[in-house]
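Q: Pasting in a structure now, in structure tokens, and then I'll have a few things to ask.
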């Protein structure tokens, strides 16, 4: 695939870093070729920031994708604009020409612009949009629901980021990408829509395994009626969740961004080509565990005891400094025997230093 070998050619370099807001994508939207891309404002957030919908193609098969439902999960937004560059450059090739003639593909980058501005999971009211599929209490949730009803998509893609804390089941491999065909009911019935979603995921996994073997996980499929992915699946619309995770030494998620762009293109091509392999191979993808910690601190004084401590970091946006700060999440701190079955991305020796010096 040309995208694998020549990714730098399609990389939307104006989008970089972890905090991506509406202001970052507006200039890129204005530069899109109107002969290929159709852009409309489909609504406004609680704080009246525009929510954009960008579409390509004119085919009968309809696909809806949205990113940054959680404002601090920006990898998919960046890869969407990488994909736009790829489509524009290759629009006259047979593969992309077929994609654009067989499908109409709708993208909503940054569904939660207020959360993106704050670099928070929630919107400006402190509410998680992905727990608002039933009540629709938020402007942004209502926008997504309205688009589902207007478009009536044949496939839906719910695009997220996951933390660096997930590993592939019973291994010490980090789960760099996790995939899921959400359940449609409490019984996790294998409905026809789930089978279709699983089939597409099989093609995505095949590509990923050729690039990052053993670093692909299957996300938990417990049913959540208030989550959009599960609810849309229950409507009979094949729905796919992609979780962009951590790749070793890739703090900015640039490797993951590339991988996400590749599998997104692969999935769209599969759908446009009616390439739906046996869904059973979906179950060969190992499930996720959550055993990774960002850092093990050895020989550290913690609560007056010399021990080992495992910490996880979180990032918060500093309004005064206008930048992201990386701090220890003290609610995710463990010590002593709690570390026994855990995995760590890095280790350091504190040489007896007090733990508070690291906070």
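Quick note: the coordinates plus some simple rules give every number you see, no bench work behind them. These figures come from a predicted structure and were not determined experimentally. No Cβ is skipped: glycine too gets one built from the backbone with ideal geometry, and neighbour counts run over all protein chains shown.
Q: With label points built 7 Å along Cα→Cβ from the Cα atoms of residue 39 and residue 26, find their separation and express it in nm.
A: 1.1
Q: Hey, another quick one. Is the C-alpha gyration tensor of region 35-136 telling us rounded, prolate or oblate? Criteria: a/c under 1.5 is rounded; beyond that, a/b larger than b/c is prolate, otherwise oblate. Walk me through the intermediate numbers first.
A: Numbers: a/c = 2.57, a/b = 2.11, b/c = 1.22.
Since a/c reaches 1.5 and a/b is larger than b/c, the shape of region 35-136 is classed as prolate.
Q: Give me the distance in nm between label points sitting 7 Å out from Cα along the Cα-to-Cβ direction at residue 134 and residue 283, one decimal.
A: Going from the residue 134 label point to the residue 283 one covers 2.9 nm.
Q: Oh, and also: For the pair residue 316 and residue 351, what calculated FRET efficiency results from E = 1/(1 + (r/R0)^6), where r is the Cβ-Cβ distance and R0 = 35 Å, to the nearest 0.05? Can you show the working numbers first?
A: Working: r = 29 Å, r/R0 = 0.82.
In this case the efficiency is close to 0.75.
Q: By how many nm would the segment from residue 338 to residue 61 lengthen if fully extended, with 0.36 nm per residue of separation less the alpha-carbon distance?
A: 94.7 nm
Q: Based solely on its DSSP helices, what 222 nm [θ] is calculated for the chain when runs of n ≥ 4 H residues each add -39,500 (n - 2.57) and the sum is averaged over all residues, nearest 500 deg cm²/dmol? Provide the component values of the computation, followed by the final result.
A: Working: 10 runs with 107 residues, N = 359.
Only helices count here, giving -9000 deg cm²/dmol.
Q: Something else now. When 165, 66 are ordered from fewest to most other Cβ atoms inside 10 Å of their Cβ, what list results?
A: Numbers: 165 21, 66 29.
The fewest-first ordering by Cβ neighbours comes to 165, 66.
Q: OK, next. Between residue 306 and residue 326, what is the FRET efficiency for a Förster distance of 22 Å, r being their Cβ-Cβ separation, to the nearest 0.05?
A: On the way: r = 26 Å, r/R0 = 1.17.
Plugging the Cβ-Cβ distance into 1/(1 + (r/R0)^6) gives 0.30.
Q: Looking at the chain, send over the antiparallel percent of its DSSP beta bridges, to the nearest 5.
A: Values: 31 of 58 bridges.
Within the chain, antiparallel bridges account for around 55 percent of the total.
Q: Shifting gears a bit: Could you list 206, 187 so that the one with the fewest beta carbons within 10 Å of its beta carbon is first and the one with the most is last? Working shown, then result.
A: On the way: 206 15, 187 8.
By the 10 Å Cβ count, ascending: 187, 206.
Q: Moving to a separate point now. Which of [x] 143; [y] 133; [z] 221 is the computed volume of the Cα convex hull per residue in Å³ for the structure on display?
A: [x]
Q: Next up: Going 7 Å from the Cα of residue 192 toward and past its Cβ, which residues in region 132-167 have a backbone nitrogen under 18 Å from where you end up?
A: Output list for this probe position: 152-156.
Q: Can you give the % of DSSP beta bridges in region 24-109 that are antiparallel, to the nearest 5? Intermediate results must be reported in sequence, preceding the final value.
A: On the way: 10 of 16 bridges.
That works out to approximately 60 percent antiparallel.
Q: Run the quick spin-label model on residue 142 and residue 92: label points 7 Å from Cα toward the beta carbon, then report their separation in nm to one decimal.
A: That separation, rounded to one decimal, is 4.6 nm.
Q: Would you give the gap between the C-alpha center of region 137-158 and the C-alpha center of region 288-359, rounded to a whole Å?
A: Their Cα centres are 39 Å away from one another.
Q: Based on DSSP, what percent of beta bridges with both residues in region 292-358 are antiparallel, to the nearest 5?
A: Working: 14 of 21 bridges.
Restricted to region 292-358, the bridges split so that about 65 percent are antiparallel.
Q: Something else: Using a cut-off of under 13 Å, list every residue of region 65-86 whose amide N is near the label point 7 Å from the Cα of residue 235 along the Cα-to-beta-carbon line.
A: 65-66
Q: Report the FRET efficiency, 1/(1 + (r/R0)^6), for residue 172 and residue 250, where r is their Cβ-Cβ distance and R0 is 22 Å, rounded to 0.05.
A: Numbers: r = 17 Å, r/R0 = 0.78.
Rounded to the nearest 0.05, the efficiency is 0.80.
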